[in-house]
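We did not get these values from a lab; they are worked out from the coordinates using the rules stated. Fair warning: this is a prediction, and the values are worked out from it, not measured in the lab. All Cβ positions, even for glycine, are placed from backbone atoms using ideal geometry, and neighbour counts span all protein chains on display.
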Amino acid sequence: MRYGNERGLEKATKSRVKAKIEWNIEYLVSLDERAERDAGDILSLIVQYFEAIGSSGNSINLGIGDLDHDLFDVLKEEAVRRITSGYNKYTQTAGIPDLREEVAKYYQRRWKCEITSKNVIITPGASNALFMSIASVLRGGGEVVIPTPTFPSFSALTLIMGGRVYEVPTRMEEGFKPRAETIASKLGEKTCAVIINSPSNPTGSIYDEDLIGALVDECKRRGVYIISDEVYERFDYTGRYTSLAKFWDSYDRIIIVNSFSKTLAMTGWRLGYMVIPEHLYSRVMRLQAFINACPPSVAQYVALFALRSPEVERLIDAKVAEYRDRRDGMWRELSEAGVQVLLPEGGIFLFPKIPLEMDSEAFCNRLAKSKGVITIPGRAFGAGGERHFRITISAPINTLTEAARRIASFIEECRASK
């Protein structure tokens, strides 16, 4: 009986989430025709995605970019302690001072830069930090340059706020990394910002120090902000990851967006932060005050505990090692099946090339219906993503192996039917 109730609750939850997404997108698309066009595409993908989830009781969901392990027990205990001790009220608008200070110390220690607590604002999730980052630098009719494939929110938020997006497609043959000179060629008088994402969602590429430095130099020549989404920074499998913070002291138009969600497996708690130059502080604080009031209280104290805990650091390292093993296993399975895919340098995704004559949406829809494997079409991540599909490795290795087997079987059947 309990199992039946859980299945019913799961179905009802999916229905409510789907309806909420549809309503939100329908509202947002009325703001701008360009946003309407893109949001309509995204809506189509979302609807098909939810339909695919419900199409088979034997489906494997490799679509959602979430961690498959729970919040560490020691952090649950800290949360309970804070709740029962009365830490349930509003906090300072910019976040509790101790947490801001610990974040600043983390960057000082790791990247030898002069980031201070005055540069740190704690936010309800990295998505919120991203919104306020774009809103604080985008002028009327302003342009944003974005290498793709990349996280869809970069373009969507820019369009919703009345900006114009210039995508710079990257190529798998070049590691899905942009050339600095190509980015420079897109910078004009109306360019407000360049947005980068490393480790990348969806490609897993990492921008090394040379590339980051070259991009900073190009932005500096034009006086353009550079915004770096670094939420997967701990999922670095190469040791070559470089934060934009490395160049903090050399340029005053750097913005870093980060999150505790992925590192601590607390995506539902909605806690992120932004690191900004002091001249943007009052502008961002106005947005924070009127949109958010403050970040979630208990989540902040849990994050503070995590930053100060050697035990949590060890737990994070162990999980990253587990994800590295999953990455290796999934990459090997797909490669042996003849699917062309780069070995991700970081993050929690693979971005294989579609080895059939069909677009990414058709491929993912047919794969879901035929084999029950839920993936995300590459075109959802911009022009550079078409002819690819995204797979998360947030699943046990045996589940990933079975998913790879089904994908290979689907490809063979498609080829045989020609």
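Hey, can you rank 335-341, 373-379, 363-369 by average C-beta count inside 10 Å, highest first? Don't skip to the end; give the middle numbers.
Numbers: 335-341: 14.9, 373-379: 25.3, 363-369: 21.0.
Going by the mean number of other Cβ atoms within 10 Å, highest first, we get 373-379, 363-369, 335-341.
Taking Cα pairs under 8 Å and at least six residues apart, what relative contact order does the chain come out at, in percent?
The value is 22 percent.
I'd like to compare 103-111, 346-354, 220-228: which one has the highest average count of other Cβ atoms within 10 Å, and what's the full order after that?
Working: 103-111: 16.6, 346-354: 24.1, 220-228: 19.3.
Output ranking for 103-111, 346-354, 220-228: 346-354, 220-228, 103-111.
Quick check on packing: order 292-301, 316-325 by the mean number of other C-beta atoms within 10 Å, highest mean leading.
Values: 292-301: 20.3, 316-325: 14.6.
So the order, starting with the most tightly packed, is 292-301, 316-325.
What shape does the stretch 46-203 have by the C-alpha gyration tensor, where a ≥ b ≥ c are the square roots of the eigenvalues, rounded means a/c under 1.5, and otherwise prolate means a/b greater than b/c and oblate the rest?
Details: a/c = 1.86, a/b = 1.19, b/c = 1.56.
Taking the square roots of the gyration eigenvalues as a ≥ b ≥ c, the stretch 46-203 is oblate.
Beyond 37 Å, what percent of the Cα pairs of the chain remain? All intermediate terms of the calculation are to be shown ahead of the outcome.
Numbers: 19059 of 87153 pairs.
Value for the chain (Cα pairs over 37 Å): 22 percent.
Name the residue, out of Glu78, Glu278, Glu174, whose mean-square fluctuation peaks in a Gaussian network model built on the chain with Cα pairs under 10 Å.
Looking only at Glu78, Glu278, Glu174, the biggest GNM fluctuation is shown by Glu174.
Quick check on the stretch 286-351: take the gyration tensor over C-alpha atoms, sort the square-rooted eigenvalues as a ≥ b ≥ c, and tell me if it's rounded (a/c under 1.5), prolate or oblate. Walk me through the intermediate numbers first.
Values: a/c = 5.29, a/b = 1.90, b/c = 2.79.
In terms of gyration-tensor shape, oblate.
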